[in-house]
Each structure stands twice: as structure tokens, then as C-alpha cells.
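Single-structure report; data block below.
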Amino acid sequence: MRIGTPRHLATPPPLRRRWRVWTGVGLGVLFALTAVAWAVSTGGPGPARQPAGEAPAVAASETTGQAPAAAEGAPATSRGSGGGPKNMLANASFESGMQGWRPVGGSQISRSTEATEGGWSLRIQADAEGDGPVGITVPAATVTKAGGRYHTNAWVKPSASGTTVTIGLREYKNGEPIPGSNTLGWTVEKAGWRRFGAIHVASRSGSQLALEIMARDLPPGGYLDVDDVVLHLWPSN
């Protein structure tokens with residue numbers, strides 16, 4: 001029977017092997033201590049966090065008692081700020097009165113506190129005995145440039161459903177209308193503020209551009225409230 005070399009006299013293992021052995025032991029101890037410390041501090045593993053759900057899309061109401069954020073039928077624009085198009089109307093929200101606006105079709109105009117923004121709007125009152133269209137106009141809002149793209153929109157609120165509201169831009173030369181005006185009409189089905197508008201491309205330079213907002217089929221004593229009107233000249237490309 002052959003007796004092997006005593007362990008205390010055996011050749012020690014190579015340096016690389018011993019380094020691997022002790023490194024493995026050290027990492028195992030480190031992981032064990034880390035796991036114990038985490039369990040103590042957190043009270044153990046908790047349930048997995050569920051991802052937050054997406055906020056549901058909010059559909060804008062068709063008409064409301066308050067002014068909606070956007071309106072069907074209105075060209076995509078805003079009350080330009082900073083570098084946006086300038087509003088050509090000096091009295092667009094009627095906060096300073098009714099200067100610059102004239103009644104059309106025998107209607108009577110006054111200010112109302114039913115406003116979308118600020119304290120005032122303009123109220124167009126129908127003639128108690130008349131059944132024709134009523135409205136307001138700025139007869140010479142600006143002088144046109146040929147090919148200029150003029151955009152207008154306004155907030156409107158008729159007193160009764162079934163009323164047809166129109167907004168339009170019309171060119172005049174020497175008091176005579178020039179063919180080719182652009183007018184958008186809308187028949188009200190529900191009460192509430194709505195915004196809509198129109199775009200007109202000027203046919204010639206030097207004509208007077210009139211802005212007209214009209215209401216048809218208002219009942220006797222009915223009215224149309226108008227607020228926050230804009231008129232822009234779009235920058236040329």
C-alpha cells in the first residue's frame with residue numbers, strides 16, 4: 001500500500017486557481033449579506049408595480065354652455081401670440097364698447113355679459129316684427145392685397161336652435177361688391193357657444209374688405225351673441 005504525500009507537504013495549487021477559489025467564496029458571501037440587508041430594510045419583496053394606464057381620450061362636446069377649446073368648422077388657427085398673425089380688428093372682444101361695428105338688416109346691437117373671455121360680448125337683437133336676417137359688420141376692416149389670404153373666425157351663440165349663422169369676407173370697390181366673396185354658414189342644432197370661420201383670397205389690390213356676421217331664422221325677440229372675433233392676413237409662402 002502506497003502512502004501519499006502528507007497534505008502539509010503537498011505542492012500548493014497554482015496561484016490562479018487559488019485566486020478563483022477565494023474570489024468565488026467572497027462574491028458568494030457578499031451576495032448573501034446584500035440579500036439579507038435588502039430583506040430587512042424593505043420588509044421582503046413586494047408585488048410587482050403595474051404600469052400606469054394611459055389617460056382616456058376626452059372627446060370635446062359639440063356645444064356647451066362654456067366656450068369649447070376648439071370648434072367644428074373653424075379653420076385651424078388661434079388668436080396669434082408672439083410671432084403669429086396679427087388681428088386686424090381693433091375692437092375684437094367688445095371690451096371697449098361697440099366701436100367699429102355696425103348693425104345690418106334693421107337689427108339692434110348692445111353689449112352682453114355672456115362672454116367667452118373677458119367681461120363682454122356683442123348681442124345682436126332681432127326686430128320683434130321683422131323676419132329678415134340680422135347681423136353686424138365692419139365695413140372697411142382693411143385694404144386688400146391681391147392674392148392675400150384673409151382668415152376670420154368668431155365665437156357665436158344664438159338664442160334658439162334652428163338659427164342659421166353665417167360669417168363672411170366681402171370685397172367692395174367704390175361701394176360696389178366684388179364677386180367672389182367667401183361666406184361660411186352653419187345651422188344651429190344645440191345651444192351653446194361655437195366658433196367657426198372662413199378664408200377669403202382677395203381678387204385685387206386696393207379694395208375694402210368687409211367682415212359680416214349674420215343670423216337668419218331667429219324667432220321674434222331672439223338674439224345672437226358674438227365674441228372674440230379675429231381677422232388675419234396669412235403670411236405668403
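Evaluate E = 1/(1 + (r/R0)^6) for ASN87 and ALA160, where r is the Cβ-Cβ distance and R0 equals 22 Å; express this FRET efficiency to the nearest 0.05. Could you put the intermediate results ahead of the total?
Values: r = 30 Å, r/R0 = 1.35.
E between ASN87 and ALA160, to the nearest 0.05, is 0.15.
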5 Å is the cut-off here: which amide hydrogens, built 1.01 Å from N in the peptide plane, fall below it relative to ALA115, excluding neighbours closer than 5 in sequence?
none
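I need to check one value: relative contact order of the range 102-233, counting alpha carbon pairs closer than 8 Å and at least 6 residues apart, in percent. All intermediate terms of the calculation are to be shown ahead of the outcome.
Working: 362 pairs, mean separation 50.2, N = 132.
Rounded, it is 38 percent for the range 102-233.
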Return the equivalent ellipsoid semi-axes of the range 81-128 as a descending list in whole Å, where each equals the square root of 5 times an eigenvalue of the C-alpha gyration tensor.
24, 13, 8
Footprinting exposure proxy for THR164, THR152, THR113 (fewest neighbouring C-beta atoms within 10 Å first)
THR113, THR164, THR152
Neighbour-limited loop hits for trypsin sites (Lys or Arg not before Pro), the range 133-237 (at most 16 other Cβ within 10 Å; DSSP other than H, G, I, E, B)
LYS145, LYS190, ARG204
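Each reported figure results from applying straightforward, stated rules to the coordinates on display, with no laboratory input. Note that the structure is a prediction, hence the values are computed from the model and not measured. In this analysis, Cβ positions are derived from the backbone assuming ideal geometry, glycine residues included, and neighbour counts consider all displayed protein chains.
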